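The structure under discussion appears below in the form of structure tokens.
Readers should treat all values here as calculations from the given coordinates under stated rules, not as data from a laboratory. Not measured: the values here are computed from a predicted model. As a convention, Cβ positions derive from the backbone with ideal geometry for all residues, glycine included, and neighbour counts pool all protein chains shown.
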Ligand code: G1P
């Protein structure tokens with residue numbers, strides 16, 4: 001059973017300036033809940049009660065959000081407003097939250113390696129909060145992947161089909177189909193030009209990684225955009241036949257972009273609020 005989930009949350013959120021000037025982008029609300037809380041709830045639902053945040057400067061609000069606010073508790077306790085605190089109280093009670101700071105932004109691979117002291121020698125989930133995933137009425141994406149991990153015991157990436165003109169925004173895989181929704185990955189390319197993309201299957205921000213990934217990242221040179229890419233490290237694992245790609249069940253919203261964020265907001269307001 002996977003117990004830990006790593007959340008790389010050190011990014012600047014430039015696309016949301018000025019909103020993100022002094023507020024972490026992960027704390028922007030989708031209706032009434034910060035984006036990151038959706039991700040944390042998905043991890044908790046998957047049994048990953050230990051949430052490891054790789055943060056950076058200016059991200060203190062994240063640590064405060066996943067802690068008790070005594071003043072607020074004191075003000076609201078016993079009043080009709082108490083119901084508004086229930087959701088976050090549950091999250092705080094059911095999770096353990098740890099953090100480490102990434103001092104320099106050197107890519108997603110580097111962020112994951114920075115989290116190594118919080119993870120140790122065990123398989124773990126990775127959740128990119130920008131990718132908000134909702135599977136109404138069914139298990140969340142990390143829970144789906146965790147179940148697969150228990151069966152196959154290797155790294156797993158979540159994938160979805162994307163149109164050709166969007167493929168260069170993603171890590172892209174190709175592989176042999178092993179069933180309805182599962183592929184054994186043979187190739188992974190970070191943000192390829194459409195003509196170089198090995199398929200239309202794009203990686204979205206959900207991963208299960210086996211702990212040997214840390215040594216592999218250490219040996220992975222900077223790739224696309226001069227950054228250490230998790231995609232390149234996973235290619236090394238895939239060369240040994242140890243990476244699966246899973247076409248998840250549910251909907252994904254690209255909350256790293258303004259239109260995706262608005263779409264998620266409308267969806268949550270209409271369906272979940
Ligand atoms: C990262 C990964 C990329 C993946 C994407 C999913 O890119 O590097 O492989 O497809 O997340 O959202 P980013 O969006 O951080 O540029």
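Which of rounded, prolate or oblate describes the range 32-159 when judged by the alpha-carbon gyration tensor and an a/c cut-off of 1.5? In terms of gyration-tensor shape, oblate.
When the chain is fully extended, how far beyond the present Cα-Cα distance does residue 249 get from residue 15, taking 0.36 nm per residue of separation? Can you show the working numbers first?
Numbers: separation 234, 0.36 × 234 = 84.24 nm, distance 2.81 nm.
Gain on extension, residue 249 to residue 15, equals 81.4 nm.
Specify the inter-centroid distance of the range 86-164 and the range 234-273, based on alpha-carbon positions, in whole Å. Taking the Cα centre of each part, the range 86-164 and the range 234-273 sit 11 Å apart. Packing around the peptides 52-59, 153-160, 202-209, 26-33, taken as the average count of other Cβ atoms within 10 Å per residue, puts them in this order, highest first: 202-209, 153-160, 52-59, 26-33.
Where does each of 217-225, 122-130 land if you order them by average Cβ count within 10 Å, highest first?
Working: 217-225: 14.7, 122-130: 23.8.
Output ranking for 217-225, 122-130: 122-130, 217-225.
Which of the three applies to the range 20-59, rounded, prolate or oblate, going by the alpha-carbon gyration tensor with a ≥ b ≥ c and a/c under 1.5 meaning rounded?
Working: a/c = 4.88, a/b = 1.44, b/c = 3.39.
Taking the square roots of the gyration eigenvalues as a ≥ b ≥ c, the range 20-59 is oblate.
Springs between alpha-carbon pairs under 10 angstrom, Gaussian network model over the chain: which of 256, 241, 226 fluctuates most? The residue with the greatest mean-square fluctuation here is 226. Between residue 80 and residue 32, residue separation times 0.36 nm minus the direct Cα-Cα distance comes to 15.5 nm. Please label the shape of the range 212-266 as rounded, prolate or oblate, based on the square roots a ≥ b ≥ c of the eigenvalues of the alpha-carbon gyration tensor (a/c under 1.5 means rounded; beyond that, a/b larger than b/c means prolate, else oblate). Oblate. For the chain, the longest principal axis of the alpha carbon atoms and the long axis of helix 141-152 meet at an angle near 50°. Using only the alpha-carbon atoms, how far is helix 230-239 inclined from the longest principal axis of the chain? Give it as 0 to 90 degrees, nearest 10. It is inclined by approximately 40 degrees. Return one number: the angle in degrees, 0 to 90 and rounded to the nearest 10, between the long axis of the Cα atoms of helix 258-271 and the longest principal axis of the Cα atoms of the chain. Rounded to the nearest ten degrees, it is 60. Over the chain, DSSP H runs of length four or greater, each weighted -39,500 (n - 2.57), average out per residue to a 222 nm ellipticity of -8500 deg cm²/dmol.
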